[in-house]
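Comments concern the structure below.
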Amino acid sequence: MTASLSQNVIEESPLDAWSGLTNITDAVLVDVRTKAEWSFTGIPDLSALGKQVILLEWRQYPDMSVNDRFVEDLLEQVGGSAPSKIYFLCRSGVRSLQAANMVDQAFSAKGMSAQYINVLEGFEGDLNADRHRGLTNGWKSRGLAWGQT
């Protein structure tokens, strides 16, 4: 399923996202992948910035149904009000765009606004010629901090 940008959602590269997370005090990163993906491929590490990634499934493993509590859970994670910038990250940039669009609509309906950013390339990036991710582009390939639990 593909998604298009809503009016208030923009896209940035992983390096631009890192810069924004570094320079904007209240900016947050929401990793919308599944628990299985976080376990098997790792998660961004924002500890050098004094921040933690918000881990919140957009689609829930194993049936990949949309998390009906996504907006409410995100609001809880950010303390009930919208930060100035919310970066959304998934494996390759598709689910994160869907999540960003949904949050834009839901927060707007609640009278809240933020800048919603879909992180292009995602955490693992595109498939290479051998059909492997994590080597061509994406958060990991760009040399940004990450770790596994």
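The values are calculated or read from the model by the stated rules, or taken from the named source; none is laboratory data. Worth saying up front: this structure is predicted, and the values here are computed from it rather than measured. In this analysis, Cβ positions are derived from the backbone assuming ideal geometry, glycine residues included, and neighbour counts consider all displayed protein chains.
Pairing each residue of the range 10-21 that is under 15 Å from residue 51 (Cβ atoms) with any residue that is among the hydroxyl-bearing types (Ser, Thr, Tyr) and crowded, with 18+ Cβ neighbours inside 10 Å, provided the two are 6+ apart or on different chains, yields C-beta distances under 7 Å for 17/87; 20/87; 21/87. Among the residues of the range 105-120, those identified as in contact (Cβ under 8 Å) with a residue 60 or more places away in the chain and in a helix (DSSP H, G or I) are 105, 108. With respect to the stated conditions, residue 115 is under 26 Å from residue 25 (Cβ atoms), in contact with a Ser or Thr (Cβ under 7 Å, 6 or more places away or on another chain) and at pLDDT 95 or above.
Quick check on residue 126: is it modelled with pLDDT under 95 and surrounded by 14 or more Cβ atoms within 10 Å (Cβ to Cβ)? Give the steps one after another, and end with the answer.
Values: modelled with pLDDT under 95: yes; surrounded by 14 or more Cβ atoms within 10 Å (Cβ to Cβ): yes.
Judged against the criteria, residue 126 is a match.
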